[in-house]
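Coordinate-derived values only; no laboratory data. Everything quoted here is computed from the prediction, not taken from an experiment. In this analysis, Cβ positions are derived from the backbone assuming ideal geometry, glycine residues included, and neighbour counts consider all displayed protein chains.
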Amino acid sequence: MSAMAYHRPSSLAEAAKLAAGDPDARILAGGQSILPSMKLGLLAPSAFIDLAALGELRGIRADRKSVTVGAMTTHAAVAASPEVMAAIPSLAKLAAGIGDPQVRNRGTIGGSLANSDPAADYPAAVLALNATIRTNRRALPADGFFKGLFETALAPGEIITAVEFPVPNTASYVKFPQPASRFALVGVFVAQTSTGVRVAVTGAGPCAFRVKVLEDALARRYAPQACEGISLPSGDLNTDIHASAEYRAHLIPVLAQRALA
Ligand SMILES: Cc1cc2nc3c(=O)[nH]c(=O)nc-3n(C[C@H](O)[C@H](O)[C@H](O)COP(=O)(O)OP(=O)(O)OC[C@H]3O[C@@H](n4cnc5c(N)ncnc54)[C@H](O)[C@@H]3O)c2cc1C
């Protein structure tokens, strides 16, 4: 491993200044994705800008209309939050199904979204629930945030501060987990929101995406039977040692149906 600097800023402004001053530095949240990437030799940052001391980025606030989760809030905290369980139980369940206890106690929602791993769970929730990603510079809508494989709409040095989820009428998430890591081979988040039905998929493509044909079918009838007979093209989907693109395409309406049930 090559030499690198370590910064532990005590304010968001200081973190942003450090990030703006060094394009090769990386934000450090829980280290659950960045450290494995470094161990594999895929990444060699010049410095870590550790957000651990920024208490204002941690915690959950909820009212009747929305749930706001600070970027440094761990998956375990979301899973155990009475506010999340009451307002969006499917989000608490999603967080409880991420990885293992060690990953859930270190990994954060901000890190998960910034990383945009194709098999990560949170991106499906963010898209289906029409969440807003707040950063130190602006508010980004979920649609358009995930750009591709490990690629988002974040500008270099931009820091996620919180994620705001509007409370849906109803929502559910079902994933077909990769048995070793628990990452989603395919995961489908279905939500009935104030702006209509939204269906988002993770694990199947380069990044999370919505499925219009399922949204249209569920807008007509919000019931498991509405997913019957829907087949999706596999052309742009992932094939790897765990599953073919055809298998993933098959799983999408099946998991949507289970989410509805
Ligand atoms: C064994 C294992 C199993 C896992 N299983 C699952 C699973 O089942 N489902 C799942 O969804 N995930 C899974 N993960 C990934 C896990 O959820 C990570 O917590 C998540 O990827 C983010 O990690 P982190 O918060 O530690 O961020 P880090 O690793 O610290 O950072 C990840 C990336 O995001 C950037 N970043 C971090 N925070 C911010 C911020 N606030 N603003 C801007 N950029 C930021 C960093 O610079 C880095 O590029 C697993 C990981 C492991 C090691």
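Things to note:
- Between the Cα long axis of helix 245-260 and the first principal axis of the chain there is an angle of about 80°, rounded to the nearest 10.
- Mean separation of Cα contacts under 8 Å (6+ apart) over length of the chain, as relative contact order %: 15
- The phi-based Karplus calculation (6.51 cos²θ - 1.76 cosθ + 1.60; θ = phi - 60°) puts the 3J(HN,Hα) values of segment 114-131 at 5, 6, 6, 5, x, 10, 6, 7, 4, x, 5, 5, 4, 6, 5, 8, 6, 6 Hz, whole numbers, x for Gly and Pro.
- Taken about its Cα centre, the chain carries a charge dipole of roughly 460 debye when the Cβ of each Lys and Arg holds +1 and the Cβ of each Asp and Glu holds -1.
- Under a Gaussian network description of the chain, with springs only between Cα atoms under 10 Å, the residue in S112, S172, S181 that fluctuates furthest is S181.
- With Cα atoms, 0 to 90° folded angle of helix 12-21 axis to the chain main axis: 80
- Highest-MSF residue in the chain out of G111, G196, G41 [GNM, Cα springs under 10 Å]: G41
- Within a straight-line Cα-Cα reach of under 14 Å, K17 can be paired with the following aspartates and glutamates, leaving aside sequence neighbours fewer than 8 residues apart in one chain: D50, E158.
- Near L91: Cβ cut-off under 11 Å, other residues only, Lys/Arg at +1 and Asp/Glu at -1. The net charge is -1.
- In loop segments of segment 172-261 as defined by DSSP, the trypsin sites (Lys or Arg not before Pro) with at most 13 further C-beta atoms inside 10 Å of their C-beta are R221.
- Of I159, I230, I27, the one that fluctuates the most in a GNM where the chain has Cα springs shorter than 10 Å: I230
- Taking 21 Å as the straight-line reach from the Cα of K93, the lysines in range (excluding those fewer than 8 positions away in the same chain) are K65, K175.
- By the rule of a C-alpha distance below 15 Å, with chain neighbours fewer than 8 residues away ignored, the aspartates and glutamates paired with K147 are D117, D236.
- The helix-based estimate of mean residue ellipticity at 222 nm for the chain, built from -39,500 (n - 2.57) per DSSP H run of four or more residues and divided by its residue count, is -8500 deg cm²/dmol to the nearest 500.
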